[in-house]
Amino acid sequence: MSGLSNAAKEIHNLLIANQGSSLAQEEILEHFKGKDLGEDKIESVADLMKHIQELLNRQLINLSQQGTTLKFSGVDLKQASKISNMSQDEAMIYSYIEGSGREGIWTKTIKAKTNLHQHIVLRCLKSLENQSFIKSVKSVKHPTRKIYMLYHLTPSIEVTGGPWFTDSELDTEFIDSLLIIIWRFIANKTYPNLFGTEGNKAQLYEFSVGLNNAPDVAQINKFIRGSGITNIELTDDDVRSLCDVLCYEEKIEKLEKFGKVDSYKVTWHSVEEAVKLDEPEGDVAPIFTFYDNHKVVNAIDIENPDQNYYLDAYLNQ
């Protein structure tokens, strides 16, 4: 940063140290209050703005306005060198794209803000894109708009739609696969021996309906991550939204009424849909009994059927 005053260098160092946030002139003045900067000084707004202008001339500082407050943020040397090689129009367009962050900015908005002719805007955008300074992205909210952002940034969820979208299209196959996987995981926790060795044929005497093993959102997400099912990292909120879909479809239900927050068990009718149950002989419903609070054991034929528990009645307790 040869040619800059000592005060300008100190201001730049301060702003770079606060990367990710911007400082108002009052905050900068307060920081340098009483500090000895040699021949330079930053004691008034006039002193500060003189050195700010030095940084502006070298593309080492960005200005922004929040309400009525003027704020400053630092630009590192590599970035400043890149901007200094741009044309004036390119630099102006680049600054607006940079200011849009991970949300990006529409070409029509760029044209309105810069007041440049559309031909010039498109030419500058093409030049910046060819140099990998910026990139165009698709927005799920505005699929017909061309959105630009800095090349190294990852678009926000508002732009991409999150993990449920691929190339701005709702990935229903991916969602359906996850719904099946989540249901089966919860089913195996609700009824640990539901899926036996005989294909999908469920063995009624192996069912366990205890709630102690009911998985919560964090456990479901941990299972998905550890299984290698997808390389997309899902948040707990993403998993919760899938569980909400399964709840809506009445395939699982929350256990909040049992004091288990964010925990789920499968519904019995979803089990009936998913597996082939042994058909009872004749028109007599199978009779079950249990030996503790969570086990339903094999059907038995005893002289006093009223003493036994029907499976549906047990599940609905």
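Here is a yes/no grid of residues against (1) outside any helix (DSSP H, G or I); (2) surrounded by fewer than 12 Cβ atoms within 10 Å (Cβ to Cβ); (3) in the same structural domain as LYS135 (by the TED database):
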position: ASN62; (1), (2), (3): yes, no, no
position: GLN65; (1), (2), (3): yes, yes, no
position: SER81; (1), (2), (3): no, no, no
position: MET92; (1), (2), (3): no, no, yes
position: ILE97; (1), (2), (3): no, no, yes
position: ARG102; (1), (2), (3): no, no, yes
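Scanning the range 28-56 for residues that are surrounded by 13 or more Cβ atoms within 10 Å (Cβ to Cβ), under 21 Å from ALA91 (Cα atoms) and either in the same structural domain as MET92 (by the TED database) or free of Cβ contacts under 8 Å to residues at least 40 places away in the same chain (or both) turns up just one, LEU56.
Yes/no matrix, rows are residues, columns are (1) at pLDDT below 70; (2) in a helix (DSSP H, G or I); (3) basic (Lys, Arg); (4) at positive phi:
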position	(1), (2), (3), (4)
TRP183	no, yes, no, no
GLU198	yes, no, no, no
GLY210	yes, no, no, no
ASN231	no, no, no, no
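Within the range 130-140, the only residue that satisfies the criterion of being hydroxyl-bearing (Ser, Thr, Tyr) and at pLDDT below 85 is SER139. The single condition among (1) at pLDDT below 80; (2) assigned to a strand (DSSP E or B) that PRO143 does not satisfy is (2).
What tally of residues in the range 67-79 results from selecting those that are among the charged types (D, E, K, R) and part of a loop (DSSP other than H, G, I, E, B)?
Kept after step one, since they are among the charged types (D, E, K, R), are these residues of the range 67-79: 71, 76, 78.
So of that shortlist, the ones also part of a loop (DSSP other than H, G, I, E, B) come out as 76.
Residues flagged as among the charged types (D, E, K, R) and part of a loop (DSSP other than H, G, I, E, B) within the range 67-79 amount to 1.
Any residue in the range 64-73 that is of a type in the set (Phe, Trp, Tyr) and under 29 Å from the mean Cα position of the chain (by Cα)?
no
Kindly provide the set of residues from the range 57-76 that are of a type in the set (Gly, Ala, Ser) and without any contact (Cβ under 8 Å) to a residue 40 or more places away in the chain, ordered by number. First the steps, then the outcome.
Filtering the range 57-76 for residues of a type in the set (Gly, Ala, Ser) gives 64, 67, 73-74.
Once the filter is applied, which keeps residues that are of a type in the set (Gly, Ala, Ser) and without any contact (Cβ under 8 Å) to a residue 40 or more places away in the chain, the range 57-76 yields only GLY67.
The values are calculated or read from the model by the stated rules, or taken from the named source; none is laboratory data. All values derive from a computational prediction rather than experimental measurement. Don't worry about glycine lacking a Cβ; one is built from the backbone with ideal geometry, like all the others, and counts go over all protein chains shown.
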